[in-house]
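The values are calculated or read from the model by the stated rules, or taken from the named source; none is laboratory data. The structure presented is a predicted model; accordingly, all values stated were derived computationally and were not measured. Backbone-built Cβ (ideal geometry, glycine too); neighbour counts: all protein chains shown.
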Amino acid sequence: MNVVFARPWMDEAEEQAAVRAIRSGWVTQGPEVDAFEREFADYTGAAHACAVSSATTALHLAMKAIGIRPGDEVITVSHSFLATANCIRYMDAIPVFVDIEPLTYNLDPRQLQGAITPKTKAILCVHQIGMPCNLADILDVARRHNLKVVEDAAPAIGSEILWNGRWEKIGRAHADIACFSFHARKIITTGDGGMITTNNPEYDAQFRRWRCHGMSMSSDARHGAKTVTFEEYVELGYNYRLTDIQAAIGRAQLKKVEEIVRRRRDLAERYHRRLSDIAGLGLPREPEWARSNWQSYCVLLPESADQLTIMQRMLDQGVPTRRGVHTSHMEPAYQIEPWQCAGNRSICGCPPRRCRCLPVSEKARLYGLLLPIHSHLTYAEQDEVCRVLAQSLHNG
Ligand SMILES: *Cc1c(COP(=O)(O)O)cnc(C)c1O
């Protein structure tokens, strides 16, 4: 049996969607993008959704919109894909890393108070691998200190949070701005791609200008105009657009999202049942106020186990895995890029690549193990993953 780690669910629907865009003669940002944005806004319940080329570019524009300036501090987690901290560095601002809580493996709201200084402008929280962070408590601290909150919701399409007694989708823009990814490893994909949701019309208007070189009107609006119109470039912008081919595929994917999330929830529940009797293995759990989309299923290996050894043993038996979520501060790039750890306030003087202020993040990085989970994974394959994991641990 050869198990696949991750695989997007695409079929004739996506093929036909791409063909439709190609045959229309309009392939860059145009009517398919408009429709995809409306459908995505409907799905999340946000007032506005603006499509961009990736979650990374979405995060960059989010930082710009909330007015992050050089030298500002933005509190975030090291425990994330590097793009989270990078978008703060794009603004020449300083990422201030706080640790995660062991319940959700997301930003620990109790650490915020001690991390805030007069230079703090915003909090960038992450719904890592689809597990919602404790947004209610984070917003509570942020509002008291007049800080903006951006959600890195890159992997969290379809995740839900209990909000005033109702289950709501992540991206309804509970905070100021939420950024999503359509990379192939995420819940739905357009190859690469991203979406920014917000309830603030001014932010949304800015995103639309910035993604298209700072242009005063969109290309399709100019194209459709009955009178000759010249565009203007009103400010510095970028080319951060999604194409109409990608958006057409994204619309087909969005029709599948509920089924994709349902299957992942089913597989996560099965993993939980089948792995719960392996001694020393940490299993992910949802708090009562969160429903994950299970973009990844991350177990925590016992500290006696070596991550690389277990992964190799599993691969030798045909089961590919991935190591746990990155920690930005342990990557070489962050030996160069300035950052701060909330615990000791200066540019971190801890030993290279380790930081005594972030023990939970480092533990998750060193002992986390992502197991295969995707729409095509069969129960038989999943049972094999469980068997091979148990065996690999016991042969230690
Ligand atoms: C995937 C991911 C990103 C980057 O998304 P891209 O669309 O590839 O730019 C950023 N943050 C988190 C938490 C992610 O999982």
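A few points about this structure:
- Members of region 265-305 found to be closer than 12 Å to GLY130 by Cα and polar (S, T, N, Q), listed by number: SER292, ASN293, GLN295, SER296
- Every pair of residues 6+ apart whose Cβ atoms lie under 8 Å, when the first sits in region 176-201 and is within 16 Å of LYS148 (Cβ to Cβ) while the second is part of a loop (DSSP other than H, G, I, E, B) and within 10 Å of the ligand (Cβ to nearest atom): ALA178/ALA153; CYS179/ALA153; CYS179/ALA154
- Check on PHE81, assigned to a strand (DSSP E or B) and within 19 Å of VAL325 (Cβ to Cβ): no
- Test for ILE138: is it crowded, with 24+ Cβ neighbours inside 10 Å and either within 16 Å of the ligand (Cβ to nearest atom) or more than 23 Å from GLY71 (Cβ to Cβ) (or both): no
- Every residue from region 84-111 that is more than 19 Å from the chain's Cα centre (by Cα) and either under 18 Å from ILE66 (Cα atoms) or crowded, with 24+ Cβ neighbours inside 10 Å (or both): MET91, ASP92, ALA93, ILE94
Residues are listed down the side, and each one gets a yes or a no for (1) closer than 26 Å to GLU32 by Cα; (2) outside the structural domain of VAL27 (by TED's automatic domain parsing); (3) touching a Phe, Trp or Tyr at 6+ places or on another chain (Cβ under 9 Å):
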site	(1), (2), (3)
ILE116	no, no, no
LEU124	no, no, no
LEU135	no, no, yes
VAL141	no, no, no
PHE182	yes, no, no
ILE196	yes, no, yes
GLN206	yes, no, no
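- Conditions (1) surrounded by fewer than 18 Cβ atoms within 10 Å (Cβ to Cβ); (2) assigned by TED's automatic domain parsing to the domain that holds ALA184; (3) out of contact with any Pro (no Cβ under 8 Å at 6 or more places or on another chain); number of the one not met by ARG7: (2)
- Positions within region 214-250 being in contact (Cβ under 8 Å) with a residue 40 or more places away in the chain and of a type in the set (Ser, Thr, Tyr), in sequence order: SER218, SER219, TYR238, TYR240, THR243
- The criterion of being in a loop (DSSP other than H, G, I, E, B), within 16 Å of the ligand (Cβ to nearest atom) and within 13 Å of ALA62 (Cα to Cα) holds for ALA175.
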